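Worksheet: the structure to be examined is printed underneath.
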Amino acid sequence: MLDQGIGARVLRKEDDRHLHGRGQFVGDLAMKGLKEVAFRRSSLAHGRIRAVTKPAGTDSVIITADDLKNVNPIFADSSIPGFKASNYPALATGKVRFVGECLAACIADSRAEAEDLAESVEVDIEELPAVIDSLKARAPDAPLIHDDWADNLFLTTSVQGDIDSLVKTAPIKVTRELRTGRQCMHPMEGKGVLAYWDFQADQLVVYTSTQVPHMIRTGLSETLGLEQRKIRVIPPDVGGGFGYKCVLQPEEIVIAWLAMTTKRPHRWIEDRREHLTAGANSREHHYQITAYADEKGRLLGLDAEITVSVGAYSVWPFTACLEAAQAGGNLPGPYDFQVYRCKTFSVATNKPPFTPYRGVARPGVCFAIELMMDAIAREVGRDPMDVRAENLVKSTQMPYNNVTGKHYDSGDYPASLKQVAGLIDAPGIRARQKAPEADGRLIGVGFSTFTEQSAHGTKVFASWGIPVVPGYEQATVRLTPDGGLEIRAGIHTIGQGLETTLSQVAVHELGIDYDQVRVTLGDTASTPYSTGAYASRGMVMAGGAVSRASQELARRIRRIAAHLLQCKDEDIRFEGREIRAGGASLSFADIGRAWYLRPEQLPEDVNTMGMEVTEGYKPQVDTGVFTYASHAAVVAVDPETGIVEILDYAAVDDCGRMVNPMIVEGQVLGGTVQGVGTALFEESPYDQSGQPLASTLQDYTLPGASDLPWIKLGHIETLSPYSAHGIKGVGEGGAIAPPGAIVNAINDALKARGVEITQIPATPERILSAILAAESQQKGAAS
Amino acid sequence: MKPVPFEYEKPGSLSLAVSQLSATGVNGKIIAGGQSLGPMLNLRLARPEALIDIRQLDELSRVQSDEKTVTYGAAIRHVDFEDGLVEDATQGMMRHVAGGIAHRAVRNRGTIGGSLAHADPAADWVNTTIALNATFTVLGSTGRRTIAAADFFLGAFTTSLNDGEILEKITIPRLSDQAAWGYYKICRKKGEFAEAIGILVVDPARGFARAVLGAADAPPIVLDQLAASIAESGTAKDINLEEAVQAALPDASPVSLRHHSVALQRAIQQVYPS
Ligand SMILES: Cc1cc2nc3c(=O)[nH]c(=O)nc-3n(C[C@H](O)[C@H](O)[C@H](O)COP(=O)(O)OP(=O)(O)OC[C@H]3O[C@@H](n4cnc5c(N)ncnc54)[C@H](O)[C@@H]3O)c2cc1C
């Protein structure tokens, strides 16, 4: 069924409504008597709350922490020894710990009036010294963010490899200090939540823009003290998530609480300013790394210290440990070496709480290891591409257990590097570099290769001991009386096109017409429990579940069809969008009619479970199936201004079987653009008092169409031995590689000037500063 | 963020706009394209009680020209210049500048008068009108007055407009056929405000030469002497631009200094390719 099933470039089911502006987002919902809510937020990063006072007459329309007495704080613990959990109240109590933390909810008929009310709240906070720099936050005398802790560390972890032997023997030793900027995720649609009480169902109904509706129900139940059967969470259309919408948000709790207690509908819609300040919650890492290699640049060992500025609280359910755990585990990347020592620090700072962002930690670690790879190559005087290729795990080594015990299941990593080098014509660029450019700019080429653990499952999450551990992913498929197919799954589509790709899986199994398939996702009232959309798991997990359920439905259809056509079950073929045996055929409608409307036609031994199947699925291993990719960038750096232009960019990925290559390409392109943002543009800087300095999109620059070249794509298709149809996840990968490839290209361009960029985003200001510093050093040396 | 509550007026004539503005005193504000004011309203940095919309006024969309000058109404939009819908007095300079402001969506609404009244030191029209030695006509309840562009900008985001005054029109001296101009801006990203702007305008027929450094934290800096000596010698080779820029911007960071020197140098190069 290649025309519609797995492997086909069918158009997305979602696009008809989205392209016509008919999507239903939280902001589109209309409801009689709907109240709009605005939050009064902390303008200080750290302080002790003396009083939050409502003006006279506003008692019922302004809600403060005192009103929320029976609401439990968000509490996300981990079983990793030494982890400290935090109490994260929906409205701040006792202290405020970041600018943007919610202090009061203000209710009015319109958002503008709600904001008028929010301004009227009197807030009295005794300012405390803010903890902003994650390295200073580690110091013993740093002010404490959580008063009952002995330090500001959520967690430290350590992997002890025998580095000491290398220190003495390794011929090459390269040390670097590297930094990545703090970022906002910027889904086009920010967060949004609307809640009301459904008297008929005697249920709190929460429409929320989330990736994880079932987990939100669990989380709301725990914080509100309301039984889960009394809560229904419905995710409407979601305009991008990227991880921002995979945790329980304080605002979700407050809106749900308002609907639960007042029995009236309430809504809050995040605006861009709230997102830019209270939502600056990802990516900020610091690395101190030493790599040991032989004379040819073959990596022998890696010694790293990673510090993550986690922000003020531990988020539910992914906790404050996920980022550093992923960082420490993934730093070795796609490389084959044996000695690894790594210490990680998850540091509490007065910034918004860290939330896993597309790629979780890996954009940072990929940047780090890829810069090290190029630094080693420069040290040994070889082309970084050759050094990289020699260090990659080879296809003959697959499956390969790496130095941190990650089980790389399949693929040909060096082949992806070779292919991507071809796409950008690496030899041509090397030749071009021999002569100066007419416009005085400097040309550089850079590469970056990574592995993307996708759909990692029960054992991995259980080892972190976080509040919710994913298990079997379930899906329901149901034949309708007129021969249509309904798929229901608890995962949600947040832009990645699951309505389309899950349909394609069912089409593949049943041979049913794609247009006859409908998909319902996420609604807790009608779909099986799912931990949701994150960790590049949707296609592997929900796709696997739909595959299983469809296979079982096919068995049941076969039985009925064999009876109707008077043949054996094994003679039945799903072909031509029909059910055939020999020259005879039935339509899916014939089967539906038999089961639902004309049961007298059914065989005696028909499966009484009928035409509806729910199945659970997980891959044969819990350790994930590993997608990988190589990216290449060609840049021109203007040495007089520090401005970088990306002249050419290519990505070659292998995500196993591509269910819909067009969607895979969309995922890689979108992710790559976000990665370009990480590499060159996006940053949420803070001043020493903890004030966010980028509070509008004028200060926080996102990459635009005019900043990008046409991105070239290539694919390798190595099926995973462990997953249904050999599918691997691809949702995050695009975002991982660009910082490494682009900064390596910049450093390649600036090599002759003795300049090396070690911090992202690599802004013109940073690049020019480094060039000026090198100039004055050379002048100093000359005089 | 949503604005504070305000009254909205859409006067049918310029004189009505002036009287409405003076009636509201300090609490009234003109809105033109809304491209700068809109965000300020939403961030509640601007908290007017009344907005007086002047975008529709014919009187502010007119172009008058004579032999020596062309006068533009303040409500003429950036796209009108970009698309050549209004006469260009400057041998293509204004058209070029307009096309480089922000993105098309912003240019569709943003006006030259709004940009000048807003007085962002990094704004293109602010620097361009100074470089062209423009004159502004402003109208208040007590009458009209004219101000030289260089005297109009008092500081970043401050002008010599008094409360109740509207910027009515902008008069640009025509550049002669022999004139040449260079305009270079350094932006972190396309469509963003400039980090540095360098401009050189020379018009030997009128004995005019002016260089401008823009997008420092202060109003544009005019370097007439520098421009005159470049115009005279027809080259900037003998001039230490970096030193000149440093003298003009004593407090600038090394990066900003380099950016401004490069912007100016590249603008000069457009006039005198070496
Ligand atoms: C994303 C973005 C990028 C931008 N990038 C650039 C750029 O690269 N370069 C650049 O130069 N500009 C840029 N701008 C600003 C843009 O050019 C604005 O359009 C312009 O600055 C303001 O013009 P306006 O007509 O929209 O004025 P408004 O926003 O309506 O008004 C601005 C101010 O001027 C006052 N005002 C307006 N008209 C008059 C008048 N006739 N008399 C008295 N007071 C008046 C208003 O009261 C207000 O205080 C950008 C704007 C945006 C949103």
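The values are calculated or read from the model by the stated rules, or taken from the named source; none is laboratory data. Because the structure is predicted, anything quoted here is derived from the model rather than measured. Please note: Cβ atoms are built from the backbone with ideal geometry, for glycine as well, and neighbour counts cover all protein chains shown. Protein only, heavy atoms only, side chains kept; ligands, DNA and RNA dropped before computing areas. Shrake-Rupley method; radii C 1.70, N 1.55, O 1.52, S 1.80 Å.
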Filtered residues of segment B:118-136 (kept if open to solvent by less than 10 Å² (accessible area, probe 1.4 Å), within 12 Å of B:Ile170 (Cβ to Cβ) and more than 10 Å from the ligand (Cβ to nearest atom)) = B:Thr129, B:Ile130, B:Leu132, B:Ala134
query = How many residues, within segment A:141-170, are open to solvent by 60 Å² or more (accessible area, probe 1.4 Å), over 20 Å from A:Tyr287 (Cα atoms) and in a loop (DSSP other than H, G, I, E, B)?
reply = 4
inquiry  = Quick check on this structure: which one of B:Ser115, B:Ser141 is in contact with a helix residue (DSSP H, G or I) (Cβ under 6 Å, 6 or more places away or on another chain) and near the ligand (Cβ under 8 Å from one of its atoms)?
reply    = B:Ser115
query = Are any residues in segment B:149-169 surrounded by 13 or more Cβ atoms within 10 Å (Cβ to Cβ) and among the small types (Gly, Ala, Ser), and if so, which ones?
reply = B:Ala149, B:Ala150, B:Ala156, B:Ser160, B:Gly164
request  = Look at B:Val18 and say whether it is more than 9 Å from the ligand (Cβ to nearest atom), open to solvent by 60 Å² or more (accessible area, probe 1.4 Å) and in contact (Cβ under 8 Å) with a residue 60 or more places away in the chain.
outcome  = no
Breaking point among (1) away from chain A (no Cβ under 14 Å); (2) surrounded by 14 or more Cβ atoms within 10 Å (Cβ to Cβ); (3) modelled with pLDDT of 95 or more, for B:Ser13 = (2)
query = Which ones in segment A:114-138 are open to solvent by 30 Å² or more (accessible area, probe 1.4 Å) and touching an Asp or Glu at 6+ places or on another chain (Cβ under 8 Å)?
reply = A:Arg138
message = Name the single residue that is nearest to the ligand (Cβ to nearest atom) among those in segment B:166-190 being in contact with a helix residue (DSSP H, G or I) (Cβ under 7 Å, 6 or more places away or on another chain), farther than 30 Å from A:Pro703 by Cβ and of a type in the set (Val, Ile, Thr).
response = B:Ile166
remark   = Given (1) at pLDDT below 95; (2) surrounded by fewer than 15 Cβ atoms within 10 Å (Cβ to Cβ), A:Ala584 misses just (1)
Selection from segment A:720-757 of residues that are hydrophobic (A, V, I, L, M, F, W, C) and over 15 Å from the mean Cα position of the chain (by Cα) = A:Ala724, A:Ile727, A:Ala741, A:Ile742, A:Val743, A:Ala745, A:Ile746, A:Ala749, A:Leu750, A:Ala752, A:Val755, A:Ile757
remark   = Only one of A:Arg432, A:Arg441, A:Arg362 is in contact with a Gly (Cβ under 9 Å, 6 or more places away or on another chain) and in the same structural domain as A:Thr672 (by TED's automatic domain parsing), namely A:Arg362
message = When you check A:Thr627 against the structure, is it over 21 Å from A:Gly511 (Cα atoms) and either touching a helix residue (DSSP H, G or I) at 6+ places or on another chain (Cβ under 7 Å) or crowded, with 19+ Cβ neighbours inside 10 Å (or both), yes or no?
response = yes
note = Cβ pairs under 6 Å, 6+ apart or interchain, first in segment A:273-286 and not assigned by TED's automatic domain parsing to the domain that holds A:Pro356, second assigned to a helix (DSSP H, G or I) and not polar (S, T, N, Q), ordered by first then second residue, are A:His285/A:Gly364
ask   = So B:Phe208 fits all but one of (1) within 30 Å of A:Pro709 (Cα to Cα); (2) away from the ligand (no atom under 15 Å from the Cβ); (3) among the aromatic types (Phe, Trp, Tyr); what number is the exception?
value = (1)
task = State whether the residues of segment A:465-480 include one that is outside the structural domain of A:Ala85 (by TED's automatic domain parsing) and part of a helix (DSSP H, G or I).
result = no
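Residue by residue, here is whether (1) within 19 Å of A:Gln496 (Cα to Cα); (2) at pLDDT 95 or above; (3) within 17 Å of the chain's Cα centre (by Cα) holds:
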residue: A:Gln200; (1), (2), (3): no, yes, no
residue: A:Ser209; (1), (2), (3): yes, yes, yes
residue: A:His214; (1), (2), (3): yes, yes, no
residue: A:Leu224; (1), (2), (3): no, yes, no
residue: A:Gln228; (1), (2), (3): no, yes, no
residue: A:Phe242; (1), (2), (3): yes, yes, yes
residue: A:Cys246; (1), (2), (3): yes, yes, yes
residue: A:Leu258; (1), (2), (3): no, yes, no
ask   = Is at least one residue of segment A:299-319 at pLDDT below 95, surrounded by 22 or more Cβ atoms within 10 Å (Cβ to Cβ), under 27 Å from A:His214 (Cβ atoms) and out of contact with any Gly (no Cβ under 7 Å at 6 or more places or on another chain)?
value = no
key: Hits in segment B:234-256 - residues which are touching a residue at least 12 places away in the same chain (Cβ under 8 Å), away from chain A (no Cβ under 14 Å) and part of a helix (DSSP H, G or I)   = B:Ala244, B:Ala248
ask   = When you go through (1) among the charged types (D, E, K, R); (2) within 11 Å of the ligand (Cβ to nearest atom); (3) modelled with pLDDT of 95 or more one by one for B:Asp163, which number turns out not to apply?
value = (3)
ask   = Within segment A:758-773, how many residues are open to solvent by 10 Å² or more (accessible area, probe 1.4 Å) and either free of Cβ contacts under 8 Å to residues at least 12 places away in the same chain or within 14 Å of chain B (Cβ to nearest Cβ) (or both)?
value = 8
inquiry  = Six or more apart or on different chains, Cβ atoms under 7 Å: show the pairs whose first residue is in segment A:702-721 and within 14 Å of another protein chain (Cβ to nearest Cβ) and in a loop (DSSP other than H, G, I, E, B) and whose second is aromatic (Phe, Trp, Tyr) and open to solvent by less than 60 Å² (accessible area, probe 1.4 Å).
reply    = A:Leu702/A:Phe681; A:Pro703/A:Phe681; A:Pro709/A:Tyr649
inquiry  = For a quick check of your reading: which strands (runs of 3 or more DSSP E) sit entirely within segment B:152-233 and have at least 3 residues that are away from every other protein chain (no Cβ under 14 Å), in contact with a Lys or Arg (Cβ under 6 Å, 6 or more places away or on another chain) and closer than 27 Å to B:Tyr272 by Cβ?
reply    = none
Selection count where residues are open to solvent by less than 30 Å² (accessible area, probe 1.4 Å), at negative phi and of a type outside the set (Val, Ile, Thr), scope segment A:272-298 = 14
